[in-house]
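Chemist: One structure coming up, written as C-alpha coordinates, with questions to follow.
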Amino acid sequence: MAEPALKPEALCQVGFIVKDIEAAAKKYAEAFGLPVPPIIETPGYDKAKTTLDGEPSEATAKLAFFQTGQLVVELIQPDERPSVWRDFLEKNGEGVHHIAFRVDDTKATENALASFGIKTQQQGLYTDGSGMYTYVDSAPQLGVMIELLENFRK
(Lines give C-alpha, C1' and ligand atoms only; values in the text may rest on other atoms or scores of the structure.)
Protein backbone atom coordinates (compact mmCIF):
# COMPACT_ATOMS: atom_id res chain seq x y z
CA MET A 1 0.00 0.00 0.00
CA ALA A 2 1.29 3.47 -0.88
CA GLU A 3 2.32 5.95 1.79
CA PRO A 4 -0.73 8.10 2.71
CA ALA A 5 -0.62 11.79 1.77
CA LEU A 6 -1.70 12.66 5.34
CA LYS A 7 -0.76 10.60 8.38
CA PRO A 8 -3.57 10.44 10.98
CA GLU A 9 -1.06 10.52 13.84
CA ALA A 10 0.20 13.88 12.52
CA LEU A 11 -3.20 15.56 13.10
CA CYS A 12 -2.29 18.37 15.49
CA GLN A 13 -4.71 21.31 15.25
CA VAL A 14 -8.26 22.48 14.69
CA GLY A 15 -8.66 26.08 13.52
CA PHE A 16 -11.71 28.27 14.07
CA ILE A 17 -12.50 31.56 12.33
CA VAL A 18 -13.87 34.20 14.71
CA LYS A 19 -15.05 37.80 14.33
CA ASP A 20 -13.69 39.07 17.67
CA ILE A 21 -10.63 37.18 18.86
CA GLU A 22 -10.47 38.83 22.28
CA ALA A 23 -14.07 37.84 23.11
CA ALA A 24 -13.66 34.36 21.59
CA ALA A 25 -10.38 33.70 23.44
CA LYS A 26 -12.04 34.66 26.72
CA LYS A 27 -14.98 32.28 26.06
CA TYR A 28 -12.68 29.39 25.08
CA ALA A 29 -10.45 30.01 28.11
CA GLU A 30 -13.48 29.84 30.39
CA ALA A 31 -14.79 26.68 28.69
CA PHE A 32 -11.39 24.94 28.83
CA GLY A 33 -10.41 26.19 32.30
CA LEU A 34 -7.23 27.64 30.81
CA PRO A 35 -5.70 31.12 30.86
CA VAL A 36 -6.38 33.41 27.91
CA PRO A 37 -3.40 32.91 25.57
CA PRO A 38 -1.45 35.76 24.02
CA ILE A 39 -2.97 37.16 20.85
CA ILE A 40 -0.45 37.59 18.06
CA GLU A 41 -0.79 39.31 14.71
CA THR A 42 0.71 37.77 11.62
CA PRO A 43 3.08 39.97 9.63
CA GLY A 44 2.50 41.22 6.09
CA TYR A 45 4.12 39.93 2.91
CA ASP A 46 7.58 41.41 3.64
CA LYS A 47 8.10 38.97 6.51
CA ALA A 48 5.56 36.14 6.01
CA LYS A 49 5.86 35.84 2.20
CA THR A 50 2.13 35.04 2.16
CA THR A 51 0.61 33.98 -1.14
CA LEU A 52 -3.03 33.54 -2.08
CA ASP A 53 -3.63 31.41 -5.19
CA GLY A 54 0.08 31.82 -5.98
CA GLU A 55 0.09 35.63 -5.84
CA PRO A 56 1.70 37.79 -3.10
CA SER A 57 -0.78 38.80 -0.39
CA GLU A 58 -0.71 41.37 2.39
CA ALA A 59 -3.45 39.49 4.31
CA THR A 60 -2.88 39.27 8.05
CA ALA A 61 -4.79 37.78 10.95
CA LYS A 62 -4.87 37.82 14.73
CA LEU A 63 -4.20 34.38 16.22
CA ALA A 64 -4.60 32.73 19.62
CA PHE A 65 -3.53 29.17 20.45
CA PHE A 66 -4.83 26.83 23.16
CA GLN A 67 -2.78 23.68 23.89
CA THR A 68 -5.39 21.07 24.78
CA GLY A 69 -3.43 17.83 24.89
CA GLN A 70 -2.85 16.24 21.48
CA LEU A 71 -4.60 19.04 19.61
CA VAL A 72 -4.02 22.76 19.49
CA VAL A 73 -7.13 24.90 19.14
CA GLU A 74 -6.34 27.92 16.98
CA LEU A 75 -8.57 30.99 16.85
CA ILE A 76 -8.18 33.22 13.78
CA GLN A 77 -9.59 36.71 13.26
CA PRO A 78 -8.85 37.75 9.66
CA ASP A 79 -8.23 41.31 8.52
CA GLU A 80 -10.30 42.77 5.66
CA ARG A 81 -7.90 41.76 2.87
CA PRO A 82 -8.62 38.74 0.64
CA SER A 83 -7.50 35.46 2.26
CA VAL A 84 -8.79 31.97 2.91
CA TRP A 85 -9.74 33.25 6.39
CA ARG A 86 -11.74 36.25 5.11
CA ASP A 87 -13.39 34.12 2.44
CA PHE A 88 -14.52 31.58 5.04
CA LEU A 89 -15.88 34.26 7.38
CA GLU A 90 -17.84 35.96 4.59
CA LYS A 91 -19.29 32.67 3.25
CA ASN A 92 -19.88 30.75 6.49
CA GLY A 93 -19.59 33.09 9.47
CA GLU A 94 -17.69 31.83 12.50
CA GLY A 95 -16.82 28.15 12.71
CA VAL A 96 -14.39 25.33 12.03
CA HIS A 97 -12.03 26.47 9.27
CA HIS A 98 -9.42 23.72 9.08
CA ILE A 99 -7.72 20.70 10.55
CA ALA A 100 -3.94 20.74 10.48
CA PHE A 101 -1.30 18.07 10.00
CA ARG A 102 2.42 18.25 10.70
CA VAL A 103 4.40 17.36 7.57
CA ASP A 104 8.09 16.89 6.88
CA ASP A 105 7.97 17.99 3.24
CA THR A 106 5.26 20.46 2.21
CA LYS A 107 6.03 20.26 -1.51
CA ALA A 108 5.84 16.45 -1.57
CA THR A 109 2.57 16.53 0.39
CA GLU A 110 1.13 19.19 -1.94
CA ASN A 111 2.05 16.99 -4.93
CA ALA A 112 0.45 13.92 -3.35
CA LEU A 113 -2.75 15.84 -2.55
CA ALA A 114 -2.84 17.32 -6.08
CA SER A 115 -3.32 13.78 -7.39
CA PHE A 116 -6.69 13.84 -5.57
CA GLY A 117 -7.58 17.22 -7.11
CA ILE A 118 -6.65 19.10 -3.92
CA LYS A 119 -4.85 22.35 -4.72
CA THR A 120 -2.90 24.83 -2.61
CA GLN A 121 -4.75 28.06 -1.83
CA GLN A 122 -2.69 30.04 0.68
CA GLN A 123 0.81 29.69 2.04
CA GLY A 124 3.18 31.65 4.25
CA LEU A 125 5.88 31.58 6.88
CA TYR A 126 5.26 31.34 10.62
CA THR A 127 5.47 34.67 12.43
CA ASP A 128 8.94 33.75 13.78
CA GLY A 129 10.12 32.27 10.45
CA SER A 130 10.68 28.79 11.96
CA GLY A 131 8.38 27.05 9.52
CA MET A 132 5.57 27.42 7.03
CA TYR A 133 1.84 26.87 6.78
CA THR A 134 -0.07 25.82 3.68
CA TYR A 135 -3.84 25.74 3.25
CA VAL A 136 -5.10 23.27 0.65
CA ASP A 137 -8.63 23.36 -0.73
CA SER A 138 -9.74 19.92 0.44
CA ALA A 139 -13.30 20.92 1.41
CA PRO A 140 -14.87 19.56 -1.83
CA GLN A 141 -13.25 16.15 -1.25
CA LEU A 142 -13.10 15.92 2.57
CA GLY A 143 -15.62 18.47 3.86
CA VAL A 144 -12.99 20.63 5.55
CA MET A 145 -9.91 22.63 4.59
CA ILE A 146 -6.57 21.12 5.53
CA GLU A 147 -3.56 23.05 6.75
CA LEU A 148 -0.06 21.62 6.37
CA LEU A 149 2.44 22.68 9.03
CA GLU A 150 6.15 22.23 8.35
CA ASN A 151 8.79 23.15 10.91
CA PHE A 152 12.14 23.95 9.33
CA ARG A 153 15.12 21.97 10.52
CA LYS A 154 17.73 24.01 12.33
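The values are calculated or read from the model by the stated rules, or taken from the named source; none is laboratory data. The shown structure was predicted, so the numbers you read here are calculated from the model rather than taken from an experiment. Virtual Cβ from ideal backbone geometry, glycine too; neighbours counted across all protein chains shown. Keep in mind that these areas ignore ligands, DNA and RNA; they rest on the heavy atoms of the full protein, side chains included. Shrake-Rupley method; radii C 1.70, N 1.55, O 1.52, S 1.80 Å.
Chemist: Considering only protein heavy atoms, what per residue accessible area in square angstrom results for the chain with a 1.4 angstrom probe?
Modeler: Values: 8550 Å² over 154 residues.
Heavy-atom accessible area per residue stands at 56 Å².
Chemist: May I ask for the angle, rounded to the nearest 10°, between helix 21-32 and the longest principal axis of the chain, with both axes built from Cα atoms and the value confined to 0 to 90°?
Modeler: Result, in degrees: 90.
Chemist: Another one. Compute the distance from the alpha-carbon center of segment 3-64 to that of segment 125-154, in whole Å.
Modeler: If you average the Cα positions of each part, the centres end up 10 Å apart.
Chemist: A further question follows. Rounded to the nearest 5, what % of the DSSP beta bridges within the chain are antiparallel ones?
Modeler: Values: 30 of 40 bridges.
Close to 75 percent.
Chemist: OK, next. Based on the Kirkwood radius over alpha-carbon pairs, what value in µm²/s does the Stokes-Einstein equation return for the translational diffusion coefficient of segment 110-154 at 25 °C and 0.890 mPa s?
Modeler: Working: Rh = 11.1 Å.
The estimated diffusion coefficient comes to 221 µm²/s.
Chemist: For the chain, build the charge dipole from Cβ charges (+1 Lys, Arg; -1 Asp, Glu) around the Cα centre, then report which of Ala139, Thr127, Pro43 sits farthest towards its positive end.
Modeler: After comparing all options, I get Thr127.
Chemist: Another question, then. Leaving ligands, DNA and RNA out of it, report the carbon-plus-sulfur percent of the accessible area of segment 1-128 at a 1.4 Å probe. Write down the numbers at each step before the final one.
Modeler: On the way: 3990 of 7270 Å².
Roughly 55 percent of what the probe reaches on segment 1-128 is carbon or sulfur.
Chemist: Okay, helix-only estimate at 222 nm for the chain: each DSSP H run of n ≥ 4 adds -39500 (n - 2.57), divide by all residues, round to 500 deg cm²/dmol; what do you get? Don't skip to the end; give the middle numbers.
Modeler: On the way: 5 runs with 38 residues, N = 154.
Result for the chain: -6500 deg cm²/dmol, rounded to the nearest 500.
Chemist: Below 15 Å Cα-Cα, how many Lys pairs turn up in the chain? Only count pairs eight or more apart in sequence, or on different chains, if you could.
Modeler: 5
Chemist: How many nm is it between the label spots at Phe116 and Lys47, if each spot is 7 Å from the Cα in line with the beta carbon?
Modeler: Output for this residue pair reads 3.4 nm.
Chemist: Also: Can you tell me the dipole magnitude for segment 38-154 around its Cα centre, using point charges on the Cβ only (Lys, Arg +1; Asp, Glu -1), in Debye to the nearest 20? Before the final figure, lay out each step's value.
Modeler: Values: 11 positive and 18 negative charges, 59 e Å.
With only Lys, Arg, Asp and Glu charged at Cβ, the dipole is about 280 debye.
Chemist: Taking every alpha carbon pair in segment 29-154, what does the distance histogram look like in 5 angstrom bins from 0, in percent?
Modeler: Percent of Cα pairs in each bin: 2, 10, 19, 25, 22, 15, 6, 2, 0.
Chemist: Residue separation times 0.36 nm, minus the C-alpha to C-alpha distance between Glu94 and Lys26: what's the value?
Modeler: The Glu94-Lys26 span can extend by a further 22.9 nm.
Chemist: Across segment 1-60, how large is the tail of the calculated P(r) beyond 16 Å, expressed as a percent of all Cα pairs?
Modeler: Numbers: 1186 of 1770 pairs.
Counting every Cα pair in segment 1-60, those more than 16 Å apart make up 67 percent.
Chemist: Can you bin every Cα-Cα distance in segment 26-66 into 5 Å intervals starting at zero and give me the percent of pairs per bin, rounded to whole numbers?
Modeler: For segment 26-66, the pair-distance distribution reads 6, 22, 19, 14, 12, 11, 11, 4, 0.
Chemist: What is the calculated FRET efficiency for Glu80 to Glu9, with r their C-beta to C-beta distance and R₀ = 35 Å, to the nearest 0.05? Please list the in-between numbers first.
Modeler: Values: r = 37 Å, r/R0 = 1.07.
It comes out at approximately 0.40.
Chemist: What ratio of Cα Rg to 2.2 N^0.38 Å holds for segment 62-101?
Modeler: Numbers: Rg = 11.1 Å, N = 40, 2.2 N^0.38 = 8.9 Å.
The reported ratio for this selection is 1.25.
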